[in-house]
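*Asks:* Dumping the structure here so I can ask a few things about it.
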Amino acid sequence: MIDIVIPVFNEGDNIKNLLDEMLEKIHTKFSVIIIYDSADDNTLPVINQLKSYYPFEIFLEKNLYGSGFGNAFQTAVQVAKGSYWVMV
């Protein structure tokens with residue numbers, strides 16, 4: 001199992017395209033972990049609407065260490081549980 005970690009900041013307009021492309025091109029079992037900085041991120045309502053649409057699991061995780069990519073990376077180390085994980 002691969003965990004694909006996606007740090008986001010207001011990606012509501014783009015996230016569906018990314019998830020669609022992942023569904024089309026990744027041919028192994030995977031899950032998606034969305035790491036967000038704050039509850040008002042416009043990505044969250046989109047993900048909540050789409051979660052049941054995809055055959056892979058999508059998890060929402062609040063950035064544990066504060067905003068920014070570096071802190072999202074640290075959060076990924078803490079929350080990713082797959083045998084392998086990659087951050088996109």
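The values are calculated or read from the model by the stated rules, or taken from the named source; none is laboratory data. Predicted model only: the values in this text are computed from it and were never measured. Cβ coordinates were reconstructed from backbone atoms using ideal geometry, including for glycine residues, and neighbour counts include every protein chain displayed. Surface areas here come from the heavy atoms of the whole protein model, side chains and all, with no ligands, DNA or RNA. Shrake-Rupley method; radii C 1.70, N 1.55, O 1.52, S 1.80 Å.
*Asks:* Go through segment 1-23 and report how many residues are of a type in the set (Val, Ile, Thr) and over 15 Å from residue 72 (Cα atoms).
*Replies:* Residues of segment 1-23 that are of a type in the set (Val, Ile, Thr), as a first pass: 2, 4-6, 8, 15.
Still in the running and over 15 Å from residue 72 (Cα atoms): 2, 15.
Qualifying residue count, segment 1-23: 2.
*Asks:* Taking the residues in segment 12-65 that are in contact with a helix residue (DSSP H, G or I) (Cβ under 8 Å, 6 or more places away or on another chain) and hydroxyl-bearing (Ser, Thr, Tyr) as candidates, determine which candidate is farthest from residue 82 (Cα to Cα).
*Replies:* In this case the residue turns out to be 43.
*Asks:* Can we say residue 47 is in contact with a strand residue (DSSP E or B) (Cβ under 8 Å, 6 or more places away or on another chain), modelled with pLDDT of 95 or more and not in a helix (DSSP H, G or I)? Don't jump to the end; show me each part of the working.
*Replies:* Details: in contact with a strand residue (DSSP E or B) (Cβ under 8 Å, 6 or more places away or on another chain): yes; modelled with pLDDT of 95 or more: yes; not in a helix (DSSP H, G or I): no.
When the stated conditions are applied, residue 47 does not pass them.
*Asks:* Next question. Across segment 1-10, which residue is most open to solvent (accessible area, probe 1.4 Å) among those that are out of contact with any Asp or Glu (no Cβ under 8 Å at 6 or more places or on another chain) and more than 16 Å from residue 55 (Cβ to Cβ)?
*Replies:* Of all residues in segment 1-10, those out of contact with any Asp or Glu (no Cβ under 8 Å at 6 or more places or on another chain) come to 1-7.
Keeping just the survivors that are more than 16 Å from residue 55 (Cβ to Cβ) gives 5-7.
Details: 5: 0, 6: 7, 7: 35 Å².
For segment 1-10, the residue satisfying everything is 7.
*Asks:* Out of all the residues in segment 56-70, which are at pLDDT below 95 and polar (S, T, N, Q)?
*Replies:* Hit for segment 56-70 is 67, nothing else.
*Asks:* Could you tell me which residue of segment 24-41 is farthest from residue 78 (Cα to Cα), considering only residues that are open to solvent by 70 Å² or more (accessible area, probe 1.4 Å) and in contact (Cβ under 8 Å) with a residue 24 or more places away in the chain?
*Replies:* So the first thing to find is which residues in segment 24-41 are open to solvent by 70 Å² or more (accessible area, probe 1.4 Å), and the list is 24-25, 27-29, 39-40.
Now restrict to residues that are in contact (Cβ under 8 Å) with a residue 24 or more places away in the chain: 28-29.
On the way: 28: 23, 29: 21 Å.
That would be 28.
*Asks:* Related question: Pick from segment 57-88 the residues that are of a type in the set (Ser, Thr, Tyr) and part of a loop (DSSP other than H, G, I, E, B): which of them is surrounded by the fewest Cβ atoms within 10 Å (Cβ to Cβ)? If you could, list the steps in order and put the result at the bottom.
*Replies:* So the first thing to find is which residues in segment 57-88 are of a type in the set (Ser, Thr, Tyr), and the list is 65, 67, 75, 83-84.
Adding the requirement that they be part of a loop (DSSP other than H, G, I, E, B) leaves 65, 67, 83.
Working: 65: 12, 67: 13, 83: 8.
Checked segment 57-88; the qualifying residue surrounded by the fewest Cβ atoms within 10 Å (Cβ to Cβ) is 83.
*Asks:* Is there any pair with a first residue in segment 61-81 that is closer than 16 Å to residue 38 by Cβ and a second that is part of a strand (DSSP E or B) and open to solvent by 90 Å² or more (accessible area, probe 1.4 Å) whose Cβ atoms are under 9 Å apart and which are 6 or more apart or on different chains, and what are they?
*Replies:* So the pair list comes out as 75/62.
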